[in-house]
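One structure is given here, and the rest of the page talks about it.
Read-outs: derived from the displayed coordinates by stated rules, not from any lab. In this text the structure is predicted, and so the values were computed from the model without any measurement. Cβ placement follows ideal geometry from the backbone for every residue including glycine, while neighbour counts extend to all protein chains displayed.
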Amino acid sequence: MKAALTRFLLICSIVITGYTSNAQLRKGHFVIEGYYGFPNFGLINAQLIRLAVKPIIEENVPNLSESVGVTLSGFGPAGGRMEYMVRNRIGLGVDFIYNSTSANFAIDSFNIDSTYFGQVGVGYKMTRIRVHFRFNYHFCNTKRWDIYCGAGVGYNTRSHRFSASLSLLQDWNFAKAFSFSYPYSARTSIGFRFYPVRMIGIGMELGLGGPLVSGSISTRFNLKKEEKPESTFE
């Protein structure tokens, strides 16, 4: 039993050594990565925003009809990551995450005597920015594949922009009503990068505290020495 365990540990050591010597990422390497994720939870919850806005409108402008037009849109979550390999398997870096959600309403308004007043255009946009300091452990790092798990903590902020085509509504303290936000954020993730050529990688990451799923394109280079170009596929 002891001999079998010794052989198993020896094989694991050889495999790990081979991964490190053939590794796509090693100590001193720097990675820059851009990504786009899914889903945009703000956009999914936009109907809740509509339900919250409607009572405020009805309170400030009498005799409103039902809304006649709603446009919902969003961007992200998207962002970029930078990572520096401080050890062959350990990387430290920064993760920037951006997403936004917009809601635009067109509402018919009537005077007190029930005569038509006109349409009131209402616009709302929420923008969220998160910046995380990241720690990644690259547990499988070969010539073509980089599989890692990561954790990050950092700053979180939301900004709210409100616009209305009716001057009566410009005095709403709308942003304050929706400005609840914690100033900090955290993320855990697992992901991979595949390098079809030496300098360019494509990848995917799953995580909590940011995009649930994201696809990425990355480039890596060595800050300490010049890389030899490679364009062949394995």
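Observations
- As a calculated quantity, the FRET efficiency between TYR84 and HIS160 at R0 = 35 Å, using C-beta atoms, amounts to about 0.50.
- Here the 3J(HN,Hα) profile of the stretch 144-153, calculated from phi with Karplus coefficients 6.51, -1.76 and 1.60 at θ = phi - 60°, is 10, 10, 10, 10, 9, 10, x, 9, x, 9 Hz, Gly and Pro shown as x.
- Karplus-derived HN-Hα couplings along the stretch 36-45 (A = 6.51, B = -1.76, C = 1.60, θ = phi - 60°), whole Hz, x at Gly and Pro: 9, x, 8, x, 8, 5, x, 5, 4, 8
- If the segment from VAL94 to CYS140 were pulled out straight at 0.36 nm per residue, it would be longer than the present Cα-Cα gap by 14.5 nm.
- Which of MET82, MET126, MET199 has the fewest Cβ neighbours within 10 Å, and the rest in rising order: MET199, MET82, MET126
- Burial ordering of ARG187, ARG26, fewest other beta-carbon atoms within 10 Å first: ARG26, ARG187
- Virtual spin-label span in nm between PHE194 and SER73, 7 Å along Cα→Cβ: 3.4
- Net charge of the neighbourhood of GLY154, taken over other residues with C-beta under 15 Å away and scored Lys/Arg +1, Asp/Glu -1, is +4.
- Other residues with beta-carbon under 13 Å from the beta-carbon of GLU33 carry, at +1 per Lys or Arg and -1 per Asp or Glu, a net charge of 0.
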